[in-house]
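Each remark here refers to the structure printed beneath this line.
Rule-based calculations on the coordinates, nothing more; no lab input. Source: prediction; values computed, not measured. We place every Cβ from the backbone using ideal geometry, glycine too, and count neighbours over all the protein chains shown.
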Amino acid sequence: MNLEVKKQILEKIKEYDRIMIFRHIRNDGDCVGATKGLKRILQLSFPEKEIYLIDQDTAQYLEFMGPEDAPVADELYTDALGIVVDTASEARISNKNYKLCKELIKIDHHIPLETYGDLQWVEEDRAAACEMIVDFYNTFRDELKIDSEAATHLYTGLVTDSGRFKYDGVSGDTLRNAAILLDVGVDTQLLYARLYLEAFEYLKFKAYIYEKMQITENGVAYIYVDKAMQEKFNLTLEQASACVGTLDSIRGSICWMVFIDNNDAEGSIRVRLRSRFVHVNSIAEKYRGGGHACACGATVYGEDEMRSLLQDADALVKEYKETHEDWL
Ligand code: AMP
């Protein structure tokens, strides 16, 4: 699939001596895995090229994946090829120096909010951007090299973005691509331990969420992790945001979300929306966000707007339930 654009991307990679790889802000396992996996594949395959991955933001739960590169002078960008992975819009590219690159390629699996770059390879149906990187490797496996370090990065993104191969986007291709990585060598037990073991105190926070969670008339489950709750459990914003999965298994609830007080002067509240069956990205887009059909993010300002988003979600779910069967 999309062989022509993949060939063009490989040609561009061959053309340049220096390649800068970019990902989105608020990094997750997929954008980190895809960029680190791609970097490693390119380093192994083209040892003479300079390849950089430079961002300032990090996530504590992904520290085991290792650091990125130290910042370099702006001049180094100007004759480089930029490859932006897993990022739907320019505003979400983490390292703003992407603008300095001579040419820019976008590789993404989000619903496209806008077109940017000189070359785009976008496949919305992919479970993870990492799957596209594995596919790229596999398409040109006679020319490209992979090792267990790259495979582990890519497998991390596959596992995290697909909810351990549970979400809707998982296809036969996802598993075939995962199989390629396992054949190369991934210590899955170590990886799962690193990703999913939780601190004793964090489980107490989760217990509190179960106590305090709310549900709208038509089954939108939600929790507002306000400043007081963050202080009570001594949570970083990252830890406060990580609890969205806690609400994912309530029968009758096909949409759930977490609101996280960003504690900034503007009173912004991060929203993480999730759903099964019903597509909720239109709601995220209405409230300054976007993402995937069943996993997206938004920002609201103040509790009135939070209530308004909840009402919209509740109406959407109501309509879905009235017009569909088999949503349980
Ligand atoms: P999150 O809940 O932040 O993990 O977001 C879920 C998915 O939606 C991820 O793939 C994000 O990259 C994407 N996403 C989150 N916020 C936005 C936004 N404001 N615009 C576009 N995509 C977003």
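Key figures for this structure:
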| quantity | calculated |
| --- | --- |
| Under 30 Å from residue 102, Cα to Cα: lysines that are on another chain or at least 8 residues apart | 6, 7, 12, 14, 36, 39, 49, 145 |
| Most fluctuating residue given options 292, 153, 279, as computed from a GNM of the chain linking Cα atoms under 10 Å | 279 |
| Sorted by Cβ density within 10 Å, fewest first, the residues 106, 204 | 204, 106 |
| Global form of the stretch 1-109, assessed from the alpha-carbon gyration tensor, a/c cut-off 1.5 | rounded |
| Three-way shape label, the chain, alpha-carbon gyration tensor, a/c 1.5 | prolate |
| Amide H contacts under 5 Å for residue 111, placed H, 5+ residues apart | 291 |
| Least to most buried among 180, 223 (fewest other Cβ within 10 Å first) | 180, 223 |
| Environment charge at residue 75 (Cβ cut-off 15 Å; Lys +1, Arg +1, Asp -1, Glu -1) | -1 |
| Calculated [θ] (222 nm, deg cm²/dmol) that DSSP helices of n ≥ 4 give over the chain, each run adding -39,500 (n - 2.57) | -12500 deg cm²/dmol |
| Most mobile listed residue (158, 190, 237) in the chain, GNM with C-alpha springs under 10 Å | 190 |
| Fluctuation leader among 287, 137, 301 - the chain, Gaussian network, Cα springs under 10 angstrom | 301 |
| Cα gyration tensor category, rounded, prolate or oblate, for the stretch 200-328 with a/c compared to 1.5 | oblate |
| Antiparallel content of DSSP bridges confined to the stretch 1-132, in %, to 5 | 5 percent |
